[in-house]
Structure formats: C-alpha cells, structure tokens
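Participant: Can you read through this structure? Questions will come right after.
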Amino acid sequence: MGANVGTPSSEDLFLLHEGSLYHSYRILGAHVSKRKGYEGVRFAVWAPNAKQVSLLGDFNQWQSGEHRMEKFSSLGVWMLFVPEASEGDHYKYEIQSETGQILLKADPYAFYSEVRPGTASRVVDLEGYEWQDEAWQEMKKTAPAYNKPLSIYEVHLGTWRKKDRHSEELYTYDQLADELVDYAVEMGYTHIEVMPLAEHPFDRSWGYQATGYYSVTSRHGSPKEFMHFVDRCHQKGIGVIMDWVPGHFCKDAHGLRQFDGKALYEYQDPRKAEKLEWGTLTFDFGRPEVQSFLISNAIFWMDMYHIDGIRVDAVASMLHLNFGRWNEKPLKNQWGGDDNPEAVAFLRKLNQVVFSYYPDALMMAEDSTDWPLVTAPVHDGGLGFNYKWNMGWMNDMLRYMKLDPIHRKYHHKLITFSFMYAFSENYVLPFSHDEVVHGKRSLLHKMPGDYWQKFANLRVLYGYMSGHPGKKLLFMGSEFGQFDEWKDQEEVDWFLLNGYEKHEQMHIYVKALNQFYLDQPALWQKDHSPDGFKWINPHDESQSVVTFMRKGNLAEDDLILICNFTPEVHPDYRIGVPRGGMYEVVFNSDAPEFGGSGQGNKLPITSEKRKYHEQPYSLSLCIPPLAAVYIKCVKEFQLEKTKLKGEIRDAQ
C-alpha cells in the first residue's frame with residue numbers, strides 16, 4: 001500500500017489463481033500510489049468473464065468510457081493507474097459482460113465505502129496510523145489464551161449506545177473508543193466481540209449479509225478511526241474479536257453476485273449457491289481465487305486493524321450441503337453424503353494459514369452441530385480452530401432455566417450432561433444476541449417465578465456459567481437484566497440503571513462476578529483439561545442442587561461451587577470436601593448487595609473427618625435459595641496435612 005505499490009508480479013498472479021495469495025488485498029483493490037513521478041491511484045480487479053472493465057468515479061464525473069482498464073493477465077485481472085484519482089474519491093467498476101450487459105459493481109477489495117444508502121466504494125490509504133499497542137502485542141506472545149481468563153462482552157456497535165435512546169444517529173468509532181472501552185474495563189471483561197463490521201447495505205442484517213469484506217463499515221466513521229478504537233482497547237488491556245461471515249453473502253446488485261455477469265464468487269451450480277433459508281449466496285470454497293479472497297480477508301483484519309481474533313459465523317451452514325434446504329431435493333457430495341468437502345478443506349486451510357502468521361490468534365467456530373474435532377489441529381484430522389461455541393450447553397441451560405423450579409428435578413440431566421463432553425473441544429459458553437431477539441425474549445424474561453425469583457434465577461445461571469469449564473460470552477444488556485429483548489434499532493435499555501433497584505443490583509452482581517472470575521485461577525487455568533474439574537455431587541436431582549470443584553495449578557486455589565436451582569433454603573446441607581480445615585464462602589450470588597435474601601454462612605465453616613461424597617472430609621453449610629455459592633479452604637489443618645498429604649491429593 002502507499003507510494004510503493006507496483007505492478008503485480010507473475011508470482012503474485014500465480015498465487016492468486018492457485019488460492020495461495022494470502023495478502024491479495026495488496027495486489028487488488030484501489031491503492032494510493034505513484035507511477036513515473038505522478039501521484040494517483042492504482043486500481044485492480046478480478047473479472048475473468050468481462051469483455052471490458054472501466055472505472056467510474058468522482059475523478060471522471062462518473063462518465064462512462066473515460067478510464068478503460070487493461071486486462072493484465074489471461075486469467076482476468078484488470079488494472080489501471082489513474083493520476084486524476086485521489087484519496088476520498090468515490091468509484092465503481094463498470095463491467096461489460098460477455099452478453100453485453102452493463103454492471104456497476106463496488107470493489108470487492110475496497111477498503112472503505114460510501115455511507116449507506118450509497119453503494120460506491122471509496123479510495124483510502126490505510127497506511128500511516130501510529131499504533132500504541134506494543135505492550136499488548138508482546139503480552140499475547142507470552143501467555144497462551146487457553147490458561148488465561150477469557151470473558152467476552154458481545155456488542156452490536158449500532159445499538160450499544162446512541163446519541164439519544166430512540167435516535168438514528170450512531171456513535172462513532174472515536175466515541176466508542178472512549179465510552180465502550182472504559183465500560184468493558186470497569187465491568188471486568190477481557191475482550192469485546194463486535195458483530196460484523198464488514199460493509200453491509202441493510203442495518204437489520206446486523207452485518208451478517210455483507211458487500212464489502214475489506215471495508216470496515218462507514219456507519220461509525222473512517223478506517224483510521226476504527227484503528228483508534230482497537231488501539232485503545234489494547235492500551236486498556238481489552239482484546240477485540242470480530243464476527244466474520246465467510247459462509248455466504250447478500251445478493252445486492254452492487255455486490256459480489258454474478259460479479260462479471262457470471263457466477264464468480266458463488267458456486268456456478270445455483271442449487272449449491274443458494275442459501276434458501278437466508279436468501280443469500282454461498283461462496284465457492286473450491287475456487288482458488290475465492291480462497292485467496294477469503295483467507296486474505298481474515299489476515300487483513302489482523303494485519304491492518306490488529307484484530308485479536310475472529311468468530312466464524314454459521315460454520316454448520318458451510319459444512320453441510322443441505323443446510324436450510326428443508327423442502328428441497330437433497331444435494332449429495334461425491335461419496336453420497338451431506339458434507340461439503342470443499343468447505344471442510346477451506347476451513348482447515350484458513351486456520352493453518354492464520355496461525356502461521358498469527359500463532360496467538362483466536363479462531364472461534366460458531367458451530368451448532370456435533371461435527372467432531374472442530375478445535376483439534378488439522379494434522380490430527382481436526383478443522384483447526386482453537387475455540388468452538390458450546391451451543392449444546394447454551395440450549396440445555398436455557399431450556400432448564402425456563403422450567404418452573406418444581407419441575408427441574410425431572411430434567412436434572414440438562415445441567416449435568418454437558419460435563420460428559422466439556423473437554424472434547426475448547427469451548428466458549430455463549431449467551432449471545434441470537435438468544436435474545438426475534439421473540440425469544442431476554443435472558444431475564446426467560447426466567448420463571450415472581451419478580452424477585454427472576455433476578456435470582458438469572459444470578460444463579462451466571463454463577464453456574466462462571467464455574468462451568470469453558471470461556472465466557474455475554475451479550476450487551478444481559479449484564480443488568482434487560483427485560484425487553486434486543487430491539488436491534490434502539491440502544492440498550494440503560495435507563496434501567498437509573499432508579500430501578502433490581503437492575504442496578506444485577507449490574508453490580510455481574511461486575512463482581514466478572515472480577516471474581518478474573519481473580520480465581522481455578523476457574524480458568526485448567527479450563528480445557530479434565531484435571532481442572534471434579535464432581536462432588538451431580539446426583540441431587542430431588543433438590544436440584546449440583547456441587548463440583550474447579551482446580552488450579554495450586555491446591556490452595558481450588559474452589560467448590562454449590563448451585564441451588566430452587567427457591568428452597570437448605571440450612572444444613574452436607575457436602576464432601578477434599579481437605580480438612582476451615583472453609584469460607586468467597587462468593588454468594590444471594591448477597592444483599594446483589595438483590596439476594598442475604599442467607600448463607602457468614603463465618604468460616606470447619607470440616608469434619610467424616611467421609612462423604614467419596615471425599616475424606618465433609619462439612620455442613622446453609623445453601624440460599626436460587627443461589628450459586630463458592631467456598632474455598634482458607635486454612636488447612638496442619639497435623640492432618642502432614643499426616644495425610646498423599647491421601648488428600650489423591651482424593652482430589
């Protein structure tokens with residue numbers, strides 16, 4: 001990019017058409033540059049089926065025929081240097097198809113776009129931003145994500161806040177760099193996950209139907225203003241994950257559909273190309289130039305914007321040929337199955353390439369299927385991601401929590417089954433936007449019971465989530481118990497934090513729970529290993545109570561979590577514990593400051609040398625209603641420790 005942009009080499013073109021040009025955005029698109037001493041813009045586009053490609057833009061008053069592009073390669077790369085063009089200019093490609101049809105297309109590799117409803121691309125130079133995140137980048141290299149806390153705040157930038165609650169005026173990247181970043185730090189999150197920021201024409205697609213994969217949406221400002229947002233996140237110790245949508249794209253006329261008059265980015269077979277459920281088109285994952293386009297795009301966001309990771313949307317729709325084709329004749333692969341081998345190969349290649357450039361990247365699969373080895377390395381037969389959203393856990397937990405507590409004992413397995421597979425993948429536990437929109441109701445509104453019980457149910461759910469193995473994700477508004485579901489055109493209901501006590505207390509609770517999670521190594525040091533978890537009692541379905549232990553690298557960090565999913569108080573509830581000593585309640589979701597009833601043990605509890613739950617010791621404590629209670633051994637009996645050291649560690 002910048003003044004040194006030259007003519008693509010034969011090697012560049014070979015790699016592009018082989019599917020291995022992983023920085024193809026340096027070759028294609030609009031680049032501010034110099035040619036023979038003249039400043040201008042070099043444009044390049046891949047359109048192999050075009051009879052002619054011309055440029056229309058501000059630099060030629062959008063007059064057809066003024067700037068005809070030259071076909072630079074036999075495989076369809078067209079190029080032209082335009083000295084009259086400069087940064088800020090709007091432009092499109094005028095493509096004449098083989099049949100003579102004239103198409104006006106936005107640049108697939110444009111780095112910036114006209115603010116919707118406009119559809120033109122814009123020339124912008126991405127070079128020159130002075131990053132201040134060196135300390136963050138060094139920190140990522142020294143500490144793998146697997147054994148660190150990962151608490152993600154999922155945000156839709158268009159509705160997190162607005163200038164006014166019902167206003168259509170959106171916050172800018174610069175404003176978000178101040179308010180959103182400071183808020184995430186205050187609340188104890190480690191990462192912000194932003195819903196897709198690739199340019200998209202329709203607000204209510206939330207970015208999941210894109211036209212400009214290399215163009216950060218102009219709704220909130222310029223590319224360098226978005227760089228500032230990411231930079232400030234990093235300076236404040238917050239990572240940035242972006243939702244990324246390689247599975248499909250929208251059909252808008254200025255986008256990728258039939259780009260040069262024929263299927264180019266999508267499959268040529270219309271049955272394979274159509275995503276019937278969403279009215280979109282599937283990328284042709286087997287086409288080499290499409291592989292260069294998509295893999296380069298993932299690299300681009302990390303290269304140019306320092307994004308820390310991507311959450312790959314709708315992986316199931318890529319893996320399965322018949323996803324969403326409910327009433328259609330099924331498609332079959334060459335072996336007669338439903339799997340799309342080209343998509344499988346693409347995902348493996350994507351992850352291998354990304355990790356070759358960015359070993360510390362977060363590559364998260366949003367996969368709702370039971371496809372095996374999603375987070376296993378490619379060389380072991382896996383897809384190569386390092387995280388997968390645990391959709392099974394999410395569905396089971398919400399199904400359970402919606403039940404009247406009287407009936408929960410009949411569905412106890414919904415809260416215990418996930419431990420059967422908790423370590424089969426590296427999981428993220430998500431309560432995302434998809435669960436609180438389109439009539440599904442907010443998390444708080446899903447909870448049964450009276451007003452107090454709804455909040456208590458939500459607190460115990462969050463407390464259980466923090467103790468369950470796996471990283472954490474929570475959608476905006478859920479941290480203070482928004483009653484309405486996400487409305488996707490209005491800002492989050494921040495007014496609930498002004499005089500609505502239970503919502504204010506829920507906000508305090510989530511902040512305290514996040515901080516507790518960060519402070520407790522047992523909750524994340526061995527997140528993806530069975531060594532970090534041990535059941536104490538999974539079988540108390542009659543009282544809807546579960547008890548388990550989370551274990552860190554040091555025995556003194558071990559925690560025990562007791563969750564009571566009914567409004568009944570258990571004043572004398574006995575559990576087995578691994579060590580003799582004094583135990584304290586270190587976190588109680590029923591505390592008065594969180595809106596709870598204030599029940600539970602205030603003083604340390606001394607264990608007894610009485611075997612219980614296959615543990616050498618036990619203790620009795622008060623379990624509050626609809627509560628998550630964490631206890632820790634704060635003083636081990638020294639005599640017993642010396643005498644039974646081996647036995648105690650064996651029992652863990």
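Participant: Does Ile623 satisfy being surrounded by 23 or more Cβ atoms within 10 Å (Cβ to Cβ), under 24 Å from Asp519 (Cα atoms) and either at pLDDT below 95 or not small (Gly, Ala, Ser) (or both)? Lay out the reasoning, then the answer.
Facilitator: Values: surrounded by 23 or more Cβ atoms within 10 Å (Cβ to Cβ): yes; under 24 Å from Asp519 (Cα atoms): yes; either at pLDDT below 95 or not small (Gly, Ala, Ser) (or both): yes.
Considered against the rule, which asks whether it is surrounded by 23 or more Cβ atoms within 10 Å (Cβ to Cβ), under 24 Å from Asp519 (Cα atoms) and either at pLDDT below 95 or not small (Gly, Ala, Ser) (or both), Ile623 comes out as yes.
Participant: Go over the candidates Ile238, Ile307 one by one and state the one that is assigned by TED's automatic domain parsing to the domain that holds Gly207, of a type in the set (Val, Ile, Thr) and either free of Cβ contacts under 8 Å to residues at least 60 places away in the same chain or under 26 Å from Lys105 (Cβ atoms) (or both).
Facilitator: On the way: Ile307 fails: either free of Cβ contacts under 8 Å to residues at least 60 places away in the same chain or under 26 Å from Lys105 (Cβ atoms) (or both).
Unique residue meeting the criteria: Ile238.
Participant: For segment 74-89, give me each residue that is crowded, with 18+ Cβ neighbours inside 10 Å and of a type outside the set (A, V, I, L, M). Please lay out each step first, then the result.
Facilitator: Initial filter on segment 74-89 (crowded, with 18+ Cβ neighbours inside 10 Å): 76-82, 85, 89.
Result: Gly76, Trp78, Phe81, Asp89.
Participant: Something else: Being polar (S, T, N, Q) and closer than 21 Å to Tyr464 by Cβ is the filter here; which residues of segment 589-608 pass it? Break it down into steps so the answer makes sense when it comes.
Facilitator: Our first condition is that a residue be polar (S, T, N, Q); within segment 589-608, this holds for 589, 597, 599, 601, 606-607.
Listed by number, the residues that qualify are Ser589, Ser597, Gln599, Asn601.
Participant: Conditions first: (1) assigned to a helix (DSSP H, G or I); (2) out of contact with any Asp or Glu (no Cβ under 7 Å at 6 or more places or on another chain). His234 passes all but one, so which condition is the exception?
Facilitator: His234 satisfies every listed condition except (2).
Participant: I'm trying to understand the selection: among the residues of segment 268-286, which are within 27 Å of the chain's Cα centre (by Cα), surrounded by fewer than 20 Cβ atoms within 10 Å (Cβ to Cβ) and assigned to a loop (DSSP other than H, G, I, E, B)?
Facilitator: Selection gives Leu276, Glu277, Trp278, Gly279, Gly286.
Participant: So, Phe548, is that one part of a helix (DSSP H, G or I), touching a strand residue (DSSP E or B) at 6+ places or on another chain (Cβ under 6 Å) and not small (Gly, Ala, Ser) or not? Talk me through it step by step, then tell me what you get.
Facilitator: Numbers: part of a helix (DSSP H, G or I): no; touching a strand residue (DSSP E or B) at 6+ places or on another chain (Cβ under 6 Å): yes; not small (Gly, Ala, Ser): yes.
In short, no.
Participant: What residue, among those in segment 40-70 that are more than 24 Å from Asp125 (Cα to Cα) and either surrounded by 21 or more Cβ atoms within 10 Å (Cβ to Cβ) or not polar (S, T, N, Q) (or both), is nearest to the chain's Cα centre (by Cα)?
Facilitator: Filtering first and then ranking leaves Pro48.
Participant: For residues in segment 425-466 being at pLDDT 95 or above and small (Gly, Ala, Ser), which is surrounded by the fewest Cβ atoms within 10 Å (Cβ to Cβ)?
Facilitator: Checked segment 425-466; the qualifying residue surrounded by the fewest Cβ atoms within 10 Å (Cβ to Cβ) is Gly449.
Participant: What's the total number of residues in segment 569-596 that are surrounded by fewer than 19 Cβ atoms within 10 Å (Cβ to Cβ) and touching a residue at least 60 places away in the same chain (Cβ under 8 Å)?
Facilitator: Selection size over segment 569-596: 2.
Participant: Right, Leu350: touching an Asp or Glu at 6+ places or on another chain (Cβ under 6 Å) and surrounded by 19 or more Cβ atoms within 10 Å (Cβ to Cβ) or not?
Facilitator: Values: touching an Asp or Glu at 6+ places or on another chain (Cβ under 6 Å): no; surrounded by 19 or more Cβ atoms within 10 Å (Cβ to Cβ): yes.
Considered against the rule, which asks whether it is touching an Asp or Glu at 6+ places or on another chain (Cβ under 6 Å) and surrounded by 19 or more Cβ atoms within 10 Å (Cβ to Cβ), Leu350 comes out as no.
Participant: Check off (1) in a helix (DSSP H, G or I); (2) in contact with a Leu (Cβ under 9 Å, 6 or more places away or on another chain) for Gly207 and give me the number that stays unchecked.
Facilitator: Result: Gly207 fails condition (1) only.
Participant: Would you point out the residue of segment 348-404, among those that are modelled with pLDDT of 95 or more and of a type in the set (S, T, N, Q), that is farthest from the chain's Cα centre (by Cα)?
Facilitator: Among residues in segment 348-404 that are modelled with pLDDT of 95 or more and of a type in the set (S, T, N, Q), the one farthest from the chain's Cα centre (by Cα) is Ser356.
Participant: Further, regarding this structure: So for segment 404-417 (the condition being buried (at least 20 other Cβ atoms within 10 Å of the Cβ) and assigned by TED's automatic domain parsing to the domain that holds Trp301), does at least one residue qualify?
Facilitator: no
The values are calculated or read from the model by the stated rules, or taken from the named source; none is laboratory data. In this text the structure is predicted, and so the values were computed from the model without any measurement. Neighbour counts run over all protein chains shown; Cβ positions are idealised from the backbone, glycine included.
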